[in-house]
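Novice: Here it is, the structure, as structure tokens.
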Amino acid sequence: MLFRRREPDGLLERVRTYLWPRRSFSRSVQYFSKRILRLKATPHSVAAGVAAGVFASFFPLGFHFIVAAVLCWIIAGNLVAAALGAVFFGNPLTFPLLWGASWETGKLILHEHLPKHGPPEHLGEMMHKLSFAKLWHPVLEPMLIGAVPLGLVFGLVFYAITRWGMTVFREQRRKRMAERAEKKARQGGREVPAE
């Protein structure tokens, strides 16, 4: 590889840079936004892909790319944009917030079906044993039900932002290319002075 480090990063350093970027978060946001804006697809396709990735990030079971891919197929979204949206919006820093919001929203929607005293007493034990049957009613059902409205709202917001950004970016690019072509045409028509 051309730009590989002499001494590769250890496991601890790779985990640290995955959770906290080397430069800054704003640089990471710029990187992801440029990657999304430069995709070669229609603005609807890219925006729908990002929205599908954001929607899938709210689901707790970890099948985010599968959910995003199925949703992209249904709404004619770009799969690369969906992967970028899922990675940017759903990452180890945001998962606790997304899943906590999904769980609380699901509890609000299912207020009659959940116990009044909050989470079950042995939730840690159930998570350790990973008994799906025991986890379904107190934890996973509210998270799945709460993920749908939150995913729809945030997906529509990111759809609108991405579609607007794609339209503005492409219009600016078209104007720059027209100006360059006009400038080149003016320079080509100019006579070169004889020496």
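Novice: Residue 156: assigned to a helix (DSSP H, G or I) and at pLDDT 85 or above, yes or no?
Specialist: yes
Novice: If a residue must be under 18 Å from residue 174 (Cβ atoms) and among the polar types (S, T, N, Q), how many such residues does the range 28-44 contain?
Specialist: Final tally of qualifying residues: 1.
Novice: Among (1) of a type in the set (S, T, N, Q); (2) open to solvent by 40 Å² or more (accessible area, probe 1.4 Å); (3) at pLDDT below 85, where does residue 167 come up short?
Specialist: That leaves (3) as the condition not met.
Novice: Take residue 120 and tell me if it is out of contact with any strand residue (DSSP E or B) (no Cβ under 8 Å at 6 or more places or on another chain), at pLDDT below 80 and not in a helix (DSSP H, G or I).
Specialist: Spelling it out, residue 120 is indeed out of contact with any strand residue (DSSP E or B) (no Cβ under 8 Å at 6 or more places or on another chain), at pLDDT below 80 and not in a helix (DSSP H, G or I).
Novice: Considering only the range 21-59, state which residues are modelled with pLDDT of 75 or more, farther than 16 Å from residue 90 by Cα and not in a helix (DSSP H, G or I).
Specialist: Within the range 21-59, 39, 40, 41, 42 meet the criteria.
Novice: Give the residues of the range 89-103 that are open to solvent by 50 Å² or more (accessible area, probe 1.4 Å) and over 14 Å from the mean Cα position of the chain (by Cα), sorted by residue number.
Specialist: 96, 97, 99, listed by residue number.
Novice: Quick one: which residue in 69, 56, 82 is under 23 Å from residue 167 (Cα atoms) and small (Gly, Ala, Ser)?
Specialist: 82
Novice: A further question follows. Which one is nearest to residue 142 (Cα to Cα) among residues in the range 60-88 that are open to solvent by 30 Å² or more (accessible area, probe 1.4 Å) and at pLDDT below 85?
Specialist: Here the residue is 61.
The values are calculated or read from the model by the stated rules, or taken from the named source; none is laboratory data. Everything quoted here is computed from the prediction, not taken from an experiment. Glycine also receives a Cβ, built like all others from the backbone with ideal geometry; neighbour counts cover every protein chain displayed. When the accessible area is computed, the model is the full protein with side chains, heavy atoms only, and any ligands, DNA or RNA have been set aside. Shrake-Rupley method; radii C 1.70, N 1.55, O 1.52, S 1.80 Å.
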